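For reference, the structure discussed in these notes is given below.
The values are calculated or read from the model by the stated rules, or taken from the named source; none is laboratory data. Quick caveat, the model's predicted, so the values are computed rather than measured. Methodologically, a virtual Cβ is constructed for each residue, glycine included, from the backbone with ideal geometry; neighbour enumeration extends over all protein chains shown. Side chains are part of the model used for accessible areas, which takes the heavy atoms of the whole protein and leaves out ligands, DNA and RNA. Shrake-Rupley method; radii C 1.70, N 1.55, O 1.52, S 1.80 Å.
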Amino acid sequence: MDSLVVTKNYQQVLALAFAVSEINENPQILPNVSLGFHISESYFSPRRVYHIAMEFFFTRYRFIPNYKCGLKNNLVAVFGGLGYETSRYLFDILNIYKLPQFSHGDFAPVLRGEPHVSYLYKMVPSDTHQYIGIIQLLLYFKWMWVGLMTTENDSGESFVKNIITMFYDYGICPAFTKKMSKLTFFDELLNVGARWNTIFVEIMESNANAIVVYGDTEAMLIFKLLLHGGETDSGKAFYKVWIMAAQLDLTAVSMHRDWDIETFHGALAFTAHSQDVPGFQHFLQNRRPHLAKDDDFIQEFWEQAFSCSFPNLDGNEEILKTCTGEEKLQSLPGPLFEMRMTGHSYSVYNAVYVLANALHVVYSSMYKSRIIMSTGKLKHENMKPWKLHLILRNLSFNNSAGETVFLNAKGELTMGFDITNVITFPNNSFVRVKVGRMNPWAPPGKEFSIDKDIIMWPRIYNQVIPLSLCNDHCHPGYQKKKKEGQAFCCYDCVQCLYGKISQETGTFIKHRDTPIVKANNRNLTYTLLVSLLFCFLSSLLFIGLKKTLMPLSCSRSAKTKNYQHALALAFAVKEINENPKLLPNISLGFHIYDNYLSARMTYQNTLKLLSAQNRIVSNYICDRHYNLISVIGGHTSETSLQMATILDTYKIPQIAYSVLAPVTNVKEKLPSFYRMVPCEKLQYTGIILLLLYFHWIWVGIIASDDDKGETFVQTLLPMLSQYEICTAVIERTQTLADALESSQPLQSIFAAAASLSKSTVKVYIVNADFKTISCLKWLIYAYETSDGIMQISTGKMWIMTAHWDFSSETFHRDFEISVFHGALSLASHSNDVLGFTKFMQQLCPIFPKGDGFIRIFWEQAFNCLFSDSKEAKENNICTGEEKLETLPATIFEMSMTAQSYSIYNAVYAITHALDKMLSSSIPTQKATANRSRWDPQTLHSWMLHFFLKNISFNNSAGDTVSFDENGELAGGFDIINWVTFPNKSFLRRNVGRIDQQALLGPKFTMNEEAITWHKSFNQVRYEYGF
């Protein structure tokens, strides 16, 4: 016997032959056309693969079954290969000829996600989806200390790199990573031995009981050799739960026939989805070597599968056992051959039908176009393989197994993975039991499912779910202490300090099912805490222009407009808690902090989130357990990033709702950081497109005199230059504190105002963050007060970034805003949310119901004081009956602002992610019952990341909410036109959009007719900007 055959792979050949046979016998598909095929063996050799690929285009193969219409090789597609390297080598040649290639195994890392791979069709999901499935499986069983084994090649390196990154995202530690050396020649299987012992001992001695094994057929053969080589200590192998990747199959060659496979009992394997195909087993049972004359593989398969030999005509070989040809395939153990169609074979079967259906469409169109010969037969030379590509993508049909086969626009078969449980028997046979599914294309919430009750575990565990932890959980009264030099999953348990043990919650949970608790709590609901850190109160700068103006004696002043952010949060939580379809038996709560625009207070309050047991609002408190699940904030870039430096350490999800200054690789540096706003780079693109649309090519820039302003200018200038837009002037704005520290503050303010007033530049791009706009408003106010004129606003066109909003502290109440009439700005998308306006109209400061901000807001918004205030006077008493809708929009708005809309969506994103997470960890039929007994102490914030990053839902306003791969809102910016009125109110008018998600039409749209221009333009747009 010259070589070893992986006999199990022969089923894939038979699946191909069976599919072709079915199609050729079916008059409803490809009438008058017969399919044929040729199969080549690569012998795990790259040189052989390239040689075969070249032969496709130069050799006249004889096709099987036995129909040959001529010597012309009418090649239309190639199936292969099973291993990622084979796919890659084939692709190098086939791509040149635009020939369709169907891969039913893994495909090379260098090809994943490449835009030019338009001729490769993937009949199994990509590794990315498998990684997600593995993570979900580990989290489901709480296996946090996990070993990794992989092949020593590019695919293995890619696997380790990606899976370890995801491990850290979800609090899973890699206990070890072992690489199985690739064999240079297949026959090396006979020679390797002792060198595996070291690896085997290290794996067996590890206390990681869950081990993920990644590789292909060759890797499985090496893996089995490793286990067999260490069989003297193999008893410890029975403690391991092997989690096998889809490319890995429980295969064997003839030399493995007597090797024990008990080690694999209880393994969990991801496999390409499969289904029983009618007639396939009968087709296998009737397979006989003497009847398959055109099958070049069957004789060698038969000899190695049944350990026999067919008579040698030369008579030179000694025959130990003669093959009769009547041996039964069903008698072979599973590692050598399976009678049920495997996932790989099912992929091959479907691939043949995909190709046949695409050909049917092409030939049908050729008939309609009368491309036929005089004999009435199709002229096959007119069938060019590249014509199939338009048909193949988005092709859909039902196969004979009753399943819908759909090849999407990316060329992926959308069937997902089965999760199977391997059950072995003493005769070295095994069965696969489907216990779960991972299908990324399934409806939301159903992507991952598993039935743990039917899983057979390794016998050593006596059907108790195995643990895979670095060490045991700490008992009550003990806390974790990190072990120096070891992974974060490993810790010692040390006794808590006196006074640091909370018994209250534990007691409540322990007795939750007793009559007294049931009597007082009809439906036990645990409260999860969502925290919002935002800037409601801001420290008032001590304003005194030396001796010219009197200082204001306020200790603080409320930025009243931001109170709507708190209301958006409260409204969203109220909606969710009243919705029986979201988080049933669980109530959301929240706590709000104010940072007073202080970095110190931001850090202090963020730390409080992690340590303090705060009162939860609104008025629902079921226990005092502090279940922080996520944080929303902050209001500015600086606040958001200051918070993130602490929260990311604890892997607590943080959703910011502010537009950030460009920061490279935010998600890479801060994996727990999300943004409910679009990518900042898109805003720059929007500004450029806006300028080009109106032919404004002579512009000025206004930005703050700090690092953020400098980043804005240095990012924008190259883009302006690239599109031949000239920058005439760059104005830097100081904070008021900086201006007042100068020796001549008035002169510096007037000088800046005069520069703007006298400039011939009509179009100004303003980096409209809080500092810049505050300074700009003060600058305009001071100049107008001094000179009594409005020269600054004459003929100016302001283009504001998405930070912009008309908001005034109470002492800005009389500031003129008409200077910004007609301005254009980009803004995070917003929409009207049903019921929100009514919710605000019903607010009453007399009965605050846990709202610690409403009285401060009310006093400063309406310029009054409540009667219990020491400074209250008879003529300025707040009645509580004041109407919010009477306030100027600079003080408060009744329609939901963009930032409030982002907060509203952030709360729902957290809720949907939490709902999916809980649903995925509870069997469907027991979900409601189990949720009512759900223990909040088993929930950790980091568990939410997988579900949060993949979230997608439609909100009540009809908008789709999801995050892109960078953790940013997958959407665009609205373009807003600002219309002001004499009473200091204003109107936002949506006049355009820049959208990175647009699939049809331009990404930039503008409704010019809807724009109201500044009064000095008389409704004629300014044409050139210089």
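Tabulated results
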read-out	value
Residue pairs, from the table Lys480/Lys949; Lys179/Lys446; Lys240/Lys669; Lys667/Lys849; Lys667/Lys916, whose Cα atoms sit over 26 Å apart	Lys480/Lys949; Lys179/Lys446; Lys240/Lys669; Lys667/Lys849
Separation in nanometres of the label points that stand 7 Å from Cα toward Cβ, at Ala401 and Glu724	6.0 nm
Most to least accessible of Glu968, Glu157 (protein chains only, probe 1.4 Å)	Glu157, Glu968
Heavy-atom accessible area order for Arg600, Arg437, largest first, 1.4 Å probe	Arg600, Arg437
Pairwise FRET efficiency - Ser34 versus His290, Cβ, R0 = 30 Å, nearest 0.05	0.80
Solvent exposure, largest accessible area first (probe 1.4 Å, DNA, RNA and ligands not counted), of Ile391, Ile891, Ile93	Ile391, Ile93, Ile891
Estimated FRET transfer efficiency (Thr645, Lys98; beta-carbon r; R0 51 Å; 0.05)	0.50
Pairwise FRET efficiency - Cys844 versus Ala957, Cβ, R0 = 25 Å, nearest 0.05	0.45
Residue-normalised accessible area of segment 673-728, given per residue in Å² at a 1.4 Å probe	38 Å²
Surface share of carbon and sulfur [accessible, 1.4 angstrom probe, percent] for segment 403-462	57 percent
Virtual spin-label span in nm between Gln486 and Ile697, 7 Å along Cα→Cβ	6.8 nm
Heavy atoms of Lys410: accessible area, 1.4 Å probe, square angstrom to 10	140 Å²
